[in-house]
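Notes follow the structure.
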């Protein structure tokens, strides 16, 4: 059994999508990162980087329990465990891996920063909004071009690169203009039609969402701690 620790974020969604695609049995433990549960010692013992998702596979390599964090690493692990969604051929496998890294090092963090400056930064941060918005739009252009050349992001077969990108592309805050990105729209609809993606959405509908106004009223330090700002800043 695989225990998933997480919340409703795109990085957790990609892991749930992969588990639904593979049929590997799993359970889910909600971690309320906005109230600081990720800083509690039991969670830090799982991930010293204090981020979600984390998985604990009770039947890991050698039949022993195995803990793993970072969503891209988790996708690769689950693909190897299930023997699916990551090609065995070395050339094809590394093409998938390179696109997975584009999501992990590009679209994911750039989108996260863009959302932060749109929703949480104080007035006077127009440069940050412009900087990250420009980079996100550039990366959507790269993805549009790639999907104009290939049915799936990693090649001819659906796989872990697609699962990594999809929750970010469908993020309503980013509001990707699908009319301007027809190949992304085609790809998005193809994934959304998959039964595993629909099961992932049903799971997502059950996950608690943060009420930021209520959180700020009840615990003024909560968001500052989460974002590492104010008295929690390390600079």
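Worth pointing out:
- Using the Cβ-Cβ distance between residue 89 and residue 59 with R0 = 35 Å, the FRET efficiency computed as 1/(1 + (r/R0)^6) comes to roughly 0.80.
- Rough spin-label spacing in nm, given labels placed 7 Å along Cα→Cβ, for residue 170 and residue 73: 2.7
- For the range 12-53 and the range 160-219, distance of Cα centres in Å: 17
- Among 191, 153, 55: highest mean-square fluctuation, GNM of the chain, C-alpha pairs under 10 Å: 191
- Cα convex hull volume per residue for the chain (Å³): 142
- Dividing the summed helix terms, -39500 (n - 2.57) for each DSSP H run of n ≥ 4, by the number of residues in the chain produces a 222 nm estimate of -16000 deg cm²/dmol to the nearest 500.
- Relative contact order computed over the range 90-194 (Cα-Cα under 8 Å; 6+ residues apart), in percent: 33
- Distance in nm between pseudo-label sites at residue 151 and residue 207 (7 Å out along the Cβ direction from Cα): 2.9
- Averaged over residues, the count of other Cβ atoms within 10 Å places the peptides 8-16, 224-232 in the sequence 8-16, 224-232, highest first.
- Residues 130, 150 in ascending order of nearby Cβ atoms (within 10 Å, fewest first): 130, 150.
- Separation between Cα centres of the range 61-79 and the range 89-114, rounded to whole Å: 18
Here, each number is a calculation from the coordinates, and none is a lab measurement. Predicted model, so just to flag it, every value in this text is computed and none were measured. Don't worry about glycine lacking a Cβ; one is built from the backbone with ideal geometry, like all the others, and counts go over all protein chains shown.
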